[in-house]
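Participant: Here you go, one structure.
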Amino acid sequence: MKSGQLLPTTIAGSLPKPFWLAEPEKLWSAWRHEGAALDAAKQDAALLWLKEQEDAGIDIVTDGEQFRIHFVHGFLEHVGGIDWNRKTKMGIRDNRYVVEVPTVTGPLSRRRAVHAAEARFMRAHTHHGLKFTLPGPMTICDTIADAHYGRRADMAMAFAEILNEEARELEAQGVDVIQFDEPAFNVFMRDVKDWGIAALERAAEGLNCRTAVHICYGYGIEANLKWKETLGSEWRQYEETFPAINASRIQQVSLECAGSHVPISLISLLPDKEILVGAIDVATRRVETPEQVADTIRTALRHADAARIQPCTNCGMAPLPRDVARGKLAALGAGAALMRTELKSR
């Protein structure tokens, strides 16, 4: 990333798995290799998307979650205290959809570093700013069953301590931004204020790199699309939690803007934060034009100065076709470039 780059671009989360790594256009798809072959395939996929991001003009790149089947369970599979054979049927995101999930049956512990080798691999292959994403403690607690702690708040704090250990190791590998993904922040608004932000701050405690929280309305999958239809003409969930988030020690907030009914004016409730403006709609296969991306950025600029804005994607793009994701990355980079030119000419 160029030092002092205006409107630096980044992505919020996942990118599609290539067909030779896992079944494409699908969440939770199984790996197509094992052992050393799988390790090599993951690295190849990460390098592919690293090049795609750099070619598209993305300034702060990620691994696209190519090393993980799922953004939550890819972390949890290395955590002790979880029984993966004891499946519990559980409603996710306040019963938006029901799935069978593993169960916490004892004290949680991190058995080893989870993503440090992956972060080290990415750092060795790019001079760009590097972001790494981790699941936030509240969202983890909404994606796994509890048969040990009894209170989500207690389990969240236990996960936060483990996440903090992991985040410190990622920072030591040269990661510039650590982002905690908390889509549950748009569902359990009272819990966010009661204990969610405290758990998030514990996860980020002591970090010197930039810290971010990503709060979206979910992947472009059927369950999320149906839920969005119930939210009315204006999605104002952010309004309830942004003042508390603004008072937190987290430095960046990533939110959904493009293709949604979120009033972008709500970012005025985050005067002390850097804003990652979701300018790419991941719930459609339609590829935005650079001008459409620029228009979303222009709207955001009415409520926050350019020095605090980073154009971004709304959420992860794992369920999308690879060519669609590639086109959306290019639109994001080109749209931000348009706005930089426009701002310099003012």
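Participant: Quick one: would you say MET317 is touching a helix residue (DSSP H, G or I) at 6+ places or on another chain (Cβ under 6 Å), touching a residue at least 60 places away in the same chain (Cβ under 8 Å) and in a loop (DSSP other than H, G, I, E, B)?
Facilitator: The answer is yes for MET317.
Participant: Let me ask something else. Looking at region 256-265, is at least one residue surrounded by fewer than 18 Cβ atoms within 10 Å (Cβ to Cβ) and touching a His at 6+ places or on another chain (Cβ under 8 Å)?
Facilitator: Within region 256-265, one or more residues are surrounded by fewer than 18 Cβ atoms within 10 Å (Cβ to Cβ) and touching a His at 6+ places or on another chain (Cβ under 8 Å).
Participant: Another question, then. What are the residue pairs meeting all of these: first residue in region 224-245, first residue surrounded by 12 or more Cβ atoms within 10 Å (Cβ to Cβ) and among the hydrophobic types (A, V, I, L, M, F, W, C), second residue modelled with pLDDT under 70 and outside any helix (DSSP H, G or I), Cβ atoms under 8 Å, and 6 or more apart or on different chains?
Facilitator: From region 224-245, the pairs are TRP227/GLY218.
Participant: Which condition from (1) farther than 20 Å from ALA12 by Cα; (2) crowded, with 22+ Cβ neighbours inside 10 Å; (3) not aliphatic (A, V, I, L, M) is the one that PRO183 breaks?
Facilitator: (1)
Participant: Right, here's the next one. Examine region 199-207 for a residue that is surrounded by fewer than 17 Cβ atoms within 10 Å (Cβ to Cβ), of a type in the set (Gly, Ala, Ser) and touching a helix residue (DSSP H, G or I) at 6+ places or on another chain (Cβ under 8 Å), and state whether such a residue exists.
Facilitator: yes
Participant: Oh, and also: Of the conditions (1) within 23 Å of GLU54 (Cβ to Cβ); (2) among the small types (Gly, Ala, Ser); (3) crowded, with 21+ Cβ neighbours inside 10 Å; (4) modelled with pLDDT of 95 or more, ALA300 satisfies every one except a single condition; which number is it?
Facilitator: The one condition ALA300 does not meet is (1).
Participant: Residue check: is ARG202 among the basic types (Lys, Arg), free of Cβ contacts under 8 Å to residues at least 40 places away in the same chain, in contact with an Asp or Glu (Cβ under 9 Å, 6 or more places away or on another chain) and not in a strand (DSSP E or B)?
Facilitator: no
Participant: I'd like to verify a number: residues in region 46-60 that are assigned to a helix (DSSP H, G or I) and surrounded by fewer than 19 Cβ atoms within 10 Å (Cβ to Cβ), how many?
Facilitator: 6
Participant: Note down all Cβ pairs under 9 Å where the first residue falls in region 274-286 and is outside any strand (DSSP E or B), the second is of a type in the set (Lys, Arg), and they're at least six residues apart or on different chains.
Facilitator: Close Cβ pairs satisfying both conditions: ASP281/LYS328; VAL282/LYS328; ALA283/LYS228.
Participant: Please name all residue pairs, on different chains or six or more residues apart, with Cβ atoms under 7 Å, provided the first residue is in region 320-336 and is under 9 Å from GLY57 (Cβ atoms) and the second residue is crowded, with 24+ Cβ neighbours inside 10 Å and among the hydroxyl-bearing types (Ser, Thr, Tyr).
Facilitator: Close Cβ pairs satisfying both conditions: LEU332/THR9; LEU332/THR313; GLY333/THR9; ALA336/THR9.
Participant: Still on this structure, please answer the following. Enumerate the pairs (first residue in region 82-102 and touching a residue at least 24 places away in the same chain (Cβ under 8 Å) and under 15 Å from ILE140 (Cα atoms); second residue anywhere and of a type in the set (S, T, N, Q) and exposed (fewer than 13 other Cβ atoms within 10 Å of the Cβ)) with beta-carbon separation below 9 Å, excluding pairs fewer than 6 apart on the same chain, so at least 6 apart or on different chains.
Facilitator: So the pair list comes out as PRO102/ASN85.
Participant: Now for a separate question. What are the residue pairs meeting all of these: first residue in region 39-65, first residue closer than 11 Å to ARG326 by Cβ, second residue of a type in the set (D, E, K, R) and part of a helix (DSSP H, G or I), Cβ atoms under 7 Å, and 6 or more apart or on different chains?
Facilitator: Filtered contacts from region 39-65: GLU52/ARG326.
Participant: Test of understanding: among SER260, SER268, which residue is outside any loop (DSSP other than H, G, I, E, B) and of a type in the set (Gly, Ala, Ser)? Explain how you work it out, then say what you get.
Facilitator: Details: SER260 fails: outside any loop (DSSP other than H, G, I, E, B).
Only one candidate qualifies: SER268.
Participant: Keeping to region 276-295, report how many residues are surrounded by 23 or more Cβ atoms within 10 Å (Cβ to Cβ) and either in contact with a His (Cβ under 9 Å, 6 or more places away or on another chain) or at pLDDT 95 or above (or both).
Facilitator: 8
Participant: Can you tell me which residue within region 93-118, out of those that are crowded, with 17+ Cβ neighbours inside 10 Å and of a type in the set (Val, Ile, Thr), is nearest to ASP63 (Cα to Cα)?
Facilitator: Here the residue is VAL114.
Participant: List the pairs whose first member sits in region 128-149 and is on the phi < 0 side of the Ramachandran plot, whose second member is among the β-branched types (Val, Ile, Thr) and assigned to a helix (DSSP H, G or I), and whose Cβ atoms are under 8 Å apart, counting only residues at least 6 apart or on separate chains?
Facilitator: If the second residue must be among the β-branched types (Val, Ile, Thr) and assigned to a helix (DSSP H, G or I), the pairs left are MET138/VAL192.
Participant: Here is a further query. What's the number of the only condition in (1) over 19 Å from the mean Cα position of the chain (by Cα); (2) modelled with pLDDT under 95 that PHE71 fails to meet?
Facilitator: (1) is the only condition that PHE71 fails.
Participant: Please verify whether ALA172 is aliphatic (A, V, I, L, M), surrounded by 24 or more Cβ atoms within 10 Å (Cβ to Cβ) and over 15 Å from the mean Cα position of the chain (by Cα), treating the condition exactly as stated.
Facilitator: no
Participant: Being surrounded by fewer than 22 Cβ atoms within 10 Å (Cβ to Cβ) and polar (S, T, N, Q) is the filter; apply it to region 122-165 and report the residue that is farthest from GLU77 (Cα to Cα).
Facilitator: By that ranking, first place goes to THR126.
The values are calculated or read from the model by the stated rules, or taken from the named source; none is laboratory data. On a predicted model such as this, the values are computed, not experimentally measured, just so you know. Note that each Cβ is placed from the backbone with ideal geometry, even for glycine, and that neighbours are counted across all protein chains shown.
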